[in-house]
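All remarks here apply to the structure that follows.
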Amino acid sequence: MSKAEWRSRITAERRSLVSEKRAREAAALAVAAARIPGEVVCAYVPFGTEPGSTQLLDQLLDQGKRVLLPIVPAEPGPLEWAAYEGPRSLGPGRLRGLLEPTGRRLGPDTLGTAELVLIPALAVDDEGVRLGRGAGYYDRSLSFAAPGAALVAVVRDAELVRALPAEPHDVRMTGVLTPDQGSAPRPVMPG
């Protein structure tokens, strides 16, 4: 399948999920994310049918971690970042339905301070290829990540697939975070 076909299929599947299942998944993701090491975490606020909730962000804060969230820039380019300081520190973003931090913007290179980067995805394959929504914000941003930082895509377990179409600019994930499996490495090692 092409990237567009994958996107269409997964977004349709996500729309069919009932809210109770989404809530269970969000709670499981919050518990699993809390087990991943890192004092500075770049994360995101899930919106629409994306897995997770602000519960995950609050869990990280409760552990004393510094949590940075993306701000979508006015023009296509790398994401900017600002600190998350709880639900009251969020406001409407550029994209309809998206919440972003309202604090001081820290710039794209702030991503390089994080040991852990949680990244939204529609699917991830066995080799760490991530399928995003197609706007390219994360592909343009991940070049700012610190060498050795964990690049972890957050998906549902059914969104782990054998192979996705890849392009040269696609940044490979080093891991995934799912509600049932928790944290798992990518690429998948034969076993």
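The values are calculated or read from the model by the stated rules, or taken from the named source; none is laboratory data. The structure presented is a predicted model; accordingly, all values stated were derived computationally and were not measured. Glycine also receives a Cβ, built like all others from the backbone with ideal geometry; neighbour counts cover every protein chain displayed. Side chains are part of the model used for accessible areas, which takes the heavy atoms of the whole protein and leaves out ligands, DNA and RNA. Shrake-Rupley method; radii C 1.70, N 1.55, O 1.52, S 1.80 Å.
Overview of results
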| item | result |
| --- | --- |
| ³J(HN,Hα), Karplus 6.51/-1.76/1.60, whole Hz, each residue of the range 144-152, x for Gly, Pro | 8, 5, 5, x, x, 5, 6, 9, 10 |
| Axial C-alpha extent at least 20 Å, average Kyte-Doolittle at least -0.5 - helices from the chain (DSSP) | 19-34 |
| Assigned charges on the beta-carbon of Lys, Arg, Asp, Glu; the range 68-191 dipole about Cα centre (debye) | 340 debye |
| Average accessible area per residue (Å²) across the range 77-191 - probe 1.4 Å, nucleic acids and ligands excluded | 48 Å² |
| Options Ala114, Leu60, Leu90, ranked by Cα towards positive dipole end of the chain, top entry (Cβ charges) | Leu90 |
| Gained length - Thr49 relative to Ala34, 0.36 nm times residue gap less alpha-carbon distance | 3.2 nm |
| Tensor-based shape of the range 1-83 (alpha-carbon gyration tensor, a/c under 1.5 rounded, otherwise prolate or oblate) | oblate |
| Sulfur and carbon atoms: percent of accessible area, the range 1-87 [1.4 Å] | 52 percent |
| Geometric extent, Cα atoms of the chain - Rg, Dmax (angstrom) | 15.4, 46 |
| Net length gained if the chain between Ala146 and Val18 were fully extended (0.36 nm per residue, minus Cα distance) | 42.3 nm |
